[in-house]
1. With each pseudo-label sitting 7 Å past Cα toward Cβ, what's the Gln7-Phe408 distance in nm, one decimal?
2. Each residue of region 207-218 in order: what ³J(HN,Hα) in whole Hz does its phi give by Karplus 6.51 cos²θ - 1.76 cosθ + 1.60, θ = phi - 60°, with x for Gly and Pro?
3. Based only on other Cβ atoms within 10 Å, what is the fewest-to-most ordering of Ser350, Ser119?
4. Report, in whole Å, the centroid distance computed from the Cα atoms of region 266-295 and region 359-376.
5. Find the centroid of the Cα atoms in region 67-125 and in region 164-197, then give the distance between the two in whole Å.
6. Let a ≥ b ≥ c be the square roots of the eigenvalues of the Cα gyration tensor of region 1-160; is it rounded (a/c under 1.5), or, if not, prolate (a/b larger than b/c) or oblate?
7. On the first, second and third principal axes, largest extent first, how far apart are the outermost C-alpha atoms of region 41-274 in Å?
8. Write out the GluC sites (Glu not before Pro) in region 125-158 meeting two conditions: DSSP loop, and at most 16 other Cβ atoms within 10 Å of their Cβ.
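Nothing in this text is a laboratory measurement; each read-out follows from the coordinates by a stated rule. In this text the structure is predicted, and so the values were computed from the model without any measurement. Every residue, glycine among them, receives a Cβ derived from its backbone with ideal geometry; neighbour counts consider all protein chains shown.
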Amino acid sequence: MYDAVRQTDPEIARVLDAELSRQREQLEMIASENFTSRAVLDTMGSVMTNKYAEGYPGKRYYGGCVHVDEAENLAKQRACELFGADRANVQPHSGSTANMTAYLAFCKPGDKILGLSLSHGGHLTHGHPVNFSGLMFQAIHYEVERGSEVIDYDKLREQAKRERPRLLIGGASAYPRTWDYAAMRSIAAEVDAVFVFDMAHIAGLVAGGVHPSPVPHADVVTSTTHKTLRGPRGGLILCKQEHLKAINKMNFPGIQGGPLMHMIAAKAVCFHECLQPSFRDYAQRTLDNAQALAAALLAKGFRLASGGTDNHLLLVNCKPRGMTGKAMEELLEEVGITCNKNTVPFDEESPAVASGVRLGTPALTTRGMGPAAMERIADIMDRAVTARGDAAALARLRAESLELCRAFPLYPELG
Ligand SMILES: *Cc1c(COP(=O)(O)O)cnc(C)c1O
C-alpha cells in the first residue's frame, strides 16, 4: 500500500504506515469514529479530487462537470432513498458546515437559537460561545435533568415558550438516549421556531432502521457521514422541498466554495453500502454491542450517565471508581483502548479533566467484534483500574487487548 507515496515522500509514507498499525492494534472506542470500506477509501483517493464544480448538478460554474454531476446526483438520490427524505444537499464539507448552512438558511446573525448544552451532551455547533454558533447567534441552552440525566420535554417546552427562539436544535454528541422528535416538533410549532435535528452521531443507526428517524419530524436534518454511517468525512443536509432553495443557496455560495467531488462520490458509495441488508445487520450489532458493554460495565461497578444507553455510545462516570475522565483516558490508552474523556451532566470537573469517558461501539463492530469481546473489554477496563500504577500488570492487559485486535483483522488487504 502507498507505493507512490513511498516513492515521493518516504516521511509521510512512514506516518501512514504508523497510523494504519495504530488503527489495527488499538481497540477504537471513540464513539464518533469508524472504519470505512475499501470502496469508500478508494473513491476518496480518486481523480474526482481534481475537479472544480461550484454550483449544483446541471447548474455549474465550470465546464467538464458531466461525470461529477452523475456522482452528485447518485449521492443525493441514495441519501433521499436511505432516509426517506424529500431532498438532500450532499456538499457540506463537514457536520459543522452543514449546521452553519442550516442555521444561516433560517436565521440572521443575532437571532436566538436553542440547543442542548455542550456539557450535557450537545455539540459545539449548537451554540457554544467559542464556536461560530455562539459568536453569531444569541445562543441559549437546555439541559438534562439532575438524577435521570435525560431531557424533560415539558421543561423544554416552558423554556421555549419563555425564550421564543428562532431555531430549536436537537441532537447531540454524548447523549445516550433516544429523542422525542414528536415533542420537539410540537414545541417548535407552538413557538413558531424552525426545528433542526442534527443526527451526526446516530445517522447510521437511523439508516439501518434500528433507531427512530428524525426525518419525518424535523424541518431540516443535518448529519455527518463518517460516524455510525461509516462513510467518508463529510456533512449532509436533508430537508423538505420547500426549504431546499434556502439550504442550497446558503451552502453555496453562502458558506462554501467548490464542493469536494471525491468526497461526494465517496458519500454516494457509502449510501449505497448503507442501503444493503448487511448494513441493517451492522447497525443492529452496534446496538447489541453497546448493550453488552453497558451491562458488563455496570456489573463491574462503573456508573453510566442516565443508567445505560439506547444507542451506540455510553458515558461512563469514572468517579465511583475513584478516577477522573482524564486519568481514565490515559490509563485506557496504556492498555490499548482509545477513547475520549468527556464531562458528565452537572460535572464538577473542568472539561479538560472531566469525570467521565465516552465509549462507542461503531468501530469495533465494523471489525466484527461481538458481545463476548465487549465483555472482555469491560474486564480489561476493570482490571486496569485495579492495577493502576502496576506497570507489569498493565503491560499484560495491553497484550490482552492486542490479542483481541489480532483476532479481528482490520484492512487485511492493505498488507
Ligand atoms: C461530530 C458532530 C458534528 C460536527 O461534525 P464535523 O464533521 O466534525 O464538523 C456536528 N454535530 C454533532 C452532533 C456531532 O456529533
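1. So the label points at Gln7 and Phe408 sit 3.7 nm apart.
2. 4, x, x, 10, 9, x, 9, x, 4, x, 9, 8
3. Values: Ser350 10, Ser119 19.
Ascending Cβ contact count within 10 Å gives the list Ser350, Ser119.
4. 12
5. The distance from the Cα centre of region 67-125 to that of region 164-197 comes to 15 Å.
6. oblate
7. Ordered largest first, region 41-274 gives principal extents of 55, 36, 30 Å.
8. Listed in order of number, the matching sites are Glu145.
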